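Visitor: Below you will find the structure I want to go over with you.
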Amino acid sequence: LFPNYHGSSHYGLEWVESIKGHYYELEVPDILKGVDHLIAQGMVDPDRLGVLGWSNGAILTVALTVATDRFKAAAPGAGDVNWISDYGNCAFGVRFDNSYFGGPPWEQLQTYIEKSPLFRLHRVTTPTLIFFGSEDTSVPTEQGWQHFRALQQMGKAPVRFVLFPGEGHSLAKPAHRLRKLKEEVAWFDRYLFGQPTQDNPWRKEGSPLEVLLARSRQPQVNGWFGTLIKGKLIPHTVPVPALGDVRVAPFEVTRAQWAALNPGFRFSPTEGNLPMVGVSAEQAQEYCRKLSQLTGRMFRLPTKAEWEKLQHKSQGQPVNWERWLGEPPAFDDLPELAKLITPVGGPAVLLKPVGSGDLAAVAEGMALFDLKGNAAEWVWEGEKALLLGGCATCFEDQTPPQGLAGFRVVEAP
């Protein structure tokens, strides 16, 4: 139901101004009459009523939760609850409030108290989801805090407050609009339909938190990623439905895993989870041969086609120059940047432990890491080995330096 209640647009000036001196008195009955009409027509379940709105729609949403307990869930965004503070804090509070309430609060105090839902929120039992932008001056953000705090302290209705940083009276960022929709769906699923969703609306695939959580689920031995076979630390693999029966290692081969099959290689214990780099395609193939011999399973390098299927799924911030600088460098900047890091160890100093960058979800609970940065990766295309994926000092469309050449293994059926 999207009603044209008294005071709304499209019905002329007289209709718009009809609520002056009668704020809430006409609009709330209009909306409830519309609801009753739909119920009478058999179009709406009276036991599953929800209400939401933004700005004036939120003002009336709050008023409806005060007026009745018929609504099982509400989601107001940027709505007033206290007209006394609005007079001083709203960018146009003086003009608006004088017009609708007949003067300032020091002359019409009783009117302001009677019209402010804040002083009647003890009646509210409707689960309420509140949205606000942190920089709103049309309906000041403090209105949301007053609404939230009152319901929270009274404890009669579940309440949640979602504050969008940097936003004004309307949501400009697509990510915030999407977040709002997800929050609303989750709220109404839970309180209107009794089917709470399992996913949290604030979780974003590829975010640093999601990378951290996914990495924490990977098997480790004494703090190093991998599993033990015959006393040797080897990469573990996960199923990837997009590749059929082929399984893929979540990480690039680490220094600890490399050392397990190459006893002459030495590394600092603190570097065990860094990707093994400076590896030629032939050395990577030899590692796969040794791994196959040790386990009795078939390991190899991925093909270019397999690798590209995985890489396009990856989200989040790769380990590359953009991560280190905070913004992508110009192509002409790269030689100067290379000079800067030479005294401190060269390109390898920019490597991070595996699982520090981008994330590709490939199945329920399964993920691959660092497909777009950190170490470059050897793959096969026909009879030719290629380095793909960008690296800590280059982007995906640039040729990686040999010193940052690494690899991950796949397990064939």
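The values are calculated or read from the model by the stated rules, or taken from the named source; none is laboratory data. The model shown is predicted, which means the values in this text are computed figures rather than measured ones. Here the Cβ positions follow ideal geometry from the backbone for every residue, glycine too, while neighbour counts run over all protein chains shown.
Visitor: Looking only at the stretch 79-116, which residues are without any contact (Cβ under 8 Å) to a residue 60 or more places away in the chain, in contact with a Ser or Thr (Cβ under 9 Å, 6 or more places away or on another chain), of a type outside the set (A, V, I, L, M, F, W, C) and more than 18 Å from Gln146 (Cβ to Cβ)?
Guide: Matches in the stretch 79-116: Gly103 only.
Visitor: Same structure again: When you look at Arg217, is it in contact with a Ser or Thr (Cβ under 6 Å, 6 or more places away or on another chain), within 24 Å of Ser356 (Cβ to Cβ) and among the charged types (D, E, K, R), yes or no? First the steps, then the outcome.
Guide: On the way: in contact with a Ser or Thr (Cβ under 6 Å, 6 or more places away or on another chain): no; within 24 Å of Ser356 (Cβ to Cβ): yes; among the charged types (D, E, K, R): yes.
No.
Visitor: Out of Pro196, Pro165, report the one residue that is under 16 Å from Phe132 (Cβ atoms) and surrounded by fewer than 16 Cβ atoms within 10 Å (Cβ to Cβ).
Guide: On the way: Pro196 fails: under 16 Å from Phe132 (Cβ atoms).
The conditions single out Pro165.
Visitor: So, one more: So in the stretch 303-358, with the set limited to residues that are β-branched (Val, Ile, Thr) and surrounded by 14 or more Cβ atoms within 10 Å (Cβ to Cβ), which one is farthest from Val409 (Cα to Cα)? Please lay out each step first, then the result.
Guide: Quick first cut of the stretch 303-358, residues β-branched (Val, Ile, Thr) only: 303, 319, 341-342, 344, 349, 354.
Narrowing further to those that are surrounded by 14 or more Cβ atoms within 10 Å (Cβ to Cβ): 303, 319, 341, 354.
Values: Thr303: 10, Val319: 20, Ile341: 30, Val354: 14 Å.
Here the residue is Ile341.
Visitor: Something else now. Considering only the stretch 100-112, how many residues are surrounded by 15 or more Cβ atoms within 10 Å (Cβ to Cβ) and more than 15 Å from Gln143 (Cα to Cα)? Lay out the reasoning, then the answer.
Guide: Filtering the stretch 100-112 for residues surrounded by 15 or more Cβ atoms within 10 Å (Cβ to Cβ) gives 100-101, 104-105, 108, 111-112.
This time we only want the ones that are more than 15 Å from Gln143 (Cα to Cα), so: 100-101, 104-105, 108, 111.
Number satisfying all stated conditions: 6.
Visitor: Then there's this: Given the conditions (1) part of a helix (DSSP H, G or I); (2) in contact (Cβ under 8 Å) with a residue 60 or more places away in the chain, which single one is not true for Gly357?
Guide: Among (1) part of a helix (DSSP H, G or I); (2) in contact (Cβ under 8 Å) with a residue 60 or more places away in the chain, Gly357 violates only (1).
Visitor: Now a separate question. Among the residues of the stretch 242-285, write down those that are within 21 Å of Lys372 (Cβ to Cβ) and hydroxyl-bearing (Ser, Thr, Tyr).
Guide: Residue satisfying the conditions is Thr254 alone.
Visitor: Then there is this: Anything in the stretch 133-176 that is under 19 Å from Leu118 (Cα atoms), basic (Lys, Arg) and not in a helix (DSSP H, G or I)? List them, or say none.
Guide: Lys156, Arg160 - these are the residues of the stretch 133-176 that are under 19 Å from Leu118 (Cα atoms), basic (Lys, Arg) and not in a helix (DSSP H, G or I).
Visitor: Can you spot a residue in the stretch 24-43 that is closer than 19 Å to Ser116 by Cα, free of Cβ contacts under 8 Å to residues at least 24 places away in the same chain and surrounded by 13 or more Cβ atoms within 10 Å (Cβ to Cβ)?
Guide: For the stretch 24-43, residues closer than 19 Å to Ser116 by Cα, free of Cβ contacts under 8 Å to residues at least 24 places away in the same chain and surrounded by 13 or more Cβ atoms within 10 Å (Cβ to Cβ): present.
Visitor: Taking into account only those residues within the stretch 67-99 that are hydroxyl-bearing (Ser, Thr, Tyr) and farther than 19 Å from Gly50 by Cα, which is surrounded by the fewest Cβ atoms within 10 Å (Cβ to Cβ)? Steps first, please.
Guide: First, the residues of the stretch 67-99 that are hydroxyl-bearing (Ser, Thr, Tyr): 68, 85, 87, 99.
From what is left, the residues that are farther than 19 Å from Gly50 by Cα are 85, 87, 99.
Values: Ser85: 19, Tyr87: 20, Ser99: 14.
Checking each candidate, the answer is Ser99.
Visitor: Given the condition in contact with a Pro (Cβ under 8 Å, 6 or more places away or on another chain), in the same structural domain as Lys313 (by TED's automatic domain parsing), loosely packed, with under 15 Cβ neighbours inside 10 Å and under 22 Å from Ala305 (Cα atoms), answer yes or no: does some residue in the stretch 246-262 qualify?
Guide: no
Visitor: Report, by residue number, each residue of the stretch 228-243 that is free of Cβ contacts under 8 Å to residues at least 40 places away in the same chain and more than 20 Å from Val211 (Cα to Cα). Quick ask: steps written out before the conclusion?
Guide: Going through the stretch 228-243, the residues free of Cβ contacts under 8 Å to residues at least 40 places away in the same chain turn out to be 228, 231, 233, 236.
Within the stretch 228-243, Leu228, Gly231, Leu233 meet the criteria.
Visitor: Out of Phe119, Phe148, Phe131, which single residue is among the aromatic types (Phe, Trp, Tyr) and in contact (Cβ under 8 Å) with a residue 40 or more places away in the chain? Working first, answer last.
Guide: On the way: Phe119 fails: in contact (Cβ under 8 Å) with a residue 40 or more places away in the chain; Phe148 fails: in contact (Cβ under 8 Å) with a residue 40 or more places away in the chain.
Being among the aromatic types (Phe, Trp, Tyr) and in contact (Cβ under 8 Å) with a residue 40 or more places away in the chain holds for just one of Phe119, Phe148, Phe131, which is Phe131.
Visitor: Conditions first: (1) in a helix (DSSP H, G or I); (2) surrounded by 15 or more Cβ atoms within 10 Å (Cβ to Cβ); (3) polar (S, T, N, Q). Asn273 passes all but one, so which condition is the exception?
Guide: For Asn273, the failing item is (1).
Visitor: Inside the stretch 8-24, can you point out the residues that are farther than 8 Å from Tyr100 by Cα, touching a His at 6+ places or on another chain (Cβ under 9 Å) and not polar (S, T, N, Q)?
Guide: Filtering the stretch 8-24 down to residues farther than 8 Å from Tyr100 by Cα leaves 8-18, 24.
Then keep just the ones that are touching a His at 6+ places or on another chain (Cβ under 9 Å); that gives 15-16, 18.
Answer for the stretch 8-24, where residues must be farther than 8 Å from Tyr100 by Cα, touching a His at 6+ places or on another chain (Cβ under 9 Å) and not polar (S, T, N, Q): Trp15, Val16.
Visitor: Can you name the residue in the stretch 212-236 that is touching a helix residue (DSSP H, G or I) at 6+ places or on another chain (Cβ under 7 Å) and among the charged types (D, E, K, R) and is also farthest from Phe407 (Cα to Cα) among such residues?
Guide: First, pick out the residues of the stretch 212-236 that are touching a helix residue (DSSP H, G or I) at 6+ places or on another chain (Cβ under 7 Å): 224, 226, 229-230, 232-235.
Retained after the next criterion (residues that are among the charged types (D, E, K, R)): 230, 232.
Details: Lys230: 23, Lys232: 19 Å.
Of everything passing the filter in the stretch 212-236, Lys230 is farthest from Phe407 (Cα to Cα).
Visitor: What's the total number of residues in the stretch 369-403 that are modelled with pLDDT under 90 and either closer than 25 Å to Gly296 by Cα or not in a strand (DSSP E or B) (or both)?
Guide: Residues that pass the stated criteria total 20.
Visitor: I'd like to verify a number: residues in the stretch 177-193 that are in a loop (DSSP other than H, G, I, E, B) and crowded, with 16+ Cβ neighbours inside 10 Å, how many? Show your work before the answer.
Guide: Within the stretch 177-193, the subset in a loop (DSSP other than H, G, I, E, B) is 192-193.
Still in the list and also crowded, with 16+ Cβ neighbours inside 10 Å: 192.
Summing the residues that are in a loop (DSSP other than H, G, I, E, B) and crowded, with 16+ Cβ neighbours inside 10 Å in the stretch 177-193 gives 1.
Visitor: In addition: Mind checking whether some residue in the stretch 298-309 is among the aromatic types (Phe, Trp, Tyr) and under 25 Å from Ala214 (Cβ atoms)?
Guide: Keep residues of the stretch 298-309 that are among the aromatic types (Phe, Trp, Tyr), which gives 299, 307.
Checking the rest, the ones that are also under 25 Å from Ala214 (Cβ atoms) come to 299, 307.
Yes, the conditions are met somewhere in the stretch 298-309.
Visitor: Say we look at the stretch 300-328 and pick out the residues that are over 27 Å from Gly382 (Cβ atoms) and not in a loop (DSSP other than H, G, I, E, B); which of these is modelled with the highest pLDDT?
Guide: Looking at the filtered set, the residue picked out is Leu325.
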